Amino acid sequence: MHAIEWSDTYLIGIPELDDEHRRIVAMINAVIAAVEVGLVAKTVLDMIDGMMAVVLPHMATEQNMMKPLASPQGIGHRRKHIAGHAEFIRQINAVRAELAAGDDCKVSLDRLTVFLTVLELINSDYEMVGELRREGLLSPQHGE
Ligand SMILES: [Fe+2]
């Protein structure tokens, strides 16, 4: 499995969200390390719960920020971004189910890290900043 190496290219320019992204990445890496050393499933599940305690409010914050988007492009972005959040939760639940069943979750965990970073989620946040700015919904110091 591959731990996520934090890159400043993941910064979206909103300090609160950037800090949470850093924490989420660190927490996923801790989960990966725990699976690699073979910690018992219950411990890993608790770690995932801890991570979700950051992830879910983070997603709620983003979804609240996107609420006022009103242009067709902004609305399209919001729809895609919310679907991305749902997919992330679906993938987390797949990892949880495998752990709970005593199955190998390494493939699912790898898929999750790729989804969070390279493919989709943080990139969606970057696009969100663009949409919010385009509609004048973000103060100028954000996303600079
Ligand atoms: Fe995010």
Out of Arg111, Arg79, Arg90, Arg22, which single residue is of a type in the set (D, E, K, R) and touching a Phe, Trp or Tyr at 6+ places or on another chain (Cβ under 8 Å)? Arg22
Might you let me know whether segment 51-67 holds any residue that is surrounded by 13 or more Cβ atoms within 10 Å (Cβ to Cβ), away from the ligand (no atom under 16 Å from the Cβ) and modelled with pLDDT of 90 or more? no
Determine the pairs where a residue that is within 18 Å of Ala53 (Cα to Cα) and modelled with pLDDT under 95, located within segment 12-40, has a partner that is in a loop (DSSP other than H, G, I, E, B) and within 11 Å of the ligand (Cβ to nearest atom) with Cβ atoms under 9 Å apart, the partner being 6 or more residues away or on another chain. Asp18/Ile12; His21/Ile12
Residues of segment 56-88 being under 24 Å from Arg23 (Cα atoms) and aliphatic (A, V, I, L, M), in sequence order, are Leu56, Met59, Ala60, Met65, Met66, Ile82, Ala83, Ala86
With respect to the numbered conditions (1) without any contact (Cβ under 8 Å) to a residue 40 or more places away in the chain; (2) surrounded by 14 or more Cβ atoms within 10 Å (Cβ to Cβ), which one is the sole condition not fulfilled by Val44? (1)
Residue in segment 74-87 that is loosely packed, with under 14 Cβ neighbours inside 10 Å, within 14 Å of the ligand (Cβ to nearest atom) and over 15 Å from the mean Cα position of the chain (by Cα) present: no
Candidate set from segment 88-131 (those that are of a type outside the set (A, V, I, L, M), touching a residue at least 24 places away in the same chain (Cβ under 8 Å) and farther than 18 Å from Val55 by Cα); member that is nearest to the ligand (Cβ to nearest atom): Glu127
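Of all residues in segment 2-29, how many are more than 16 Å from the ligand (Cβ to nearest atom) and surrounded by 15 or more Cβ atoms within 10 Å (Cβ to Cβ)?
Result for segment 2-29: 2.
The values are calculated or read from the model by the stated rules, or taken from the named source; none is laboratory data. Remember, predicted model here, so these are calculated numbers, not experimental data. Cβ atoms come from the backbone with ideal geometry, glycine included; neighbour counts cover every protein chain shown.
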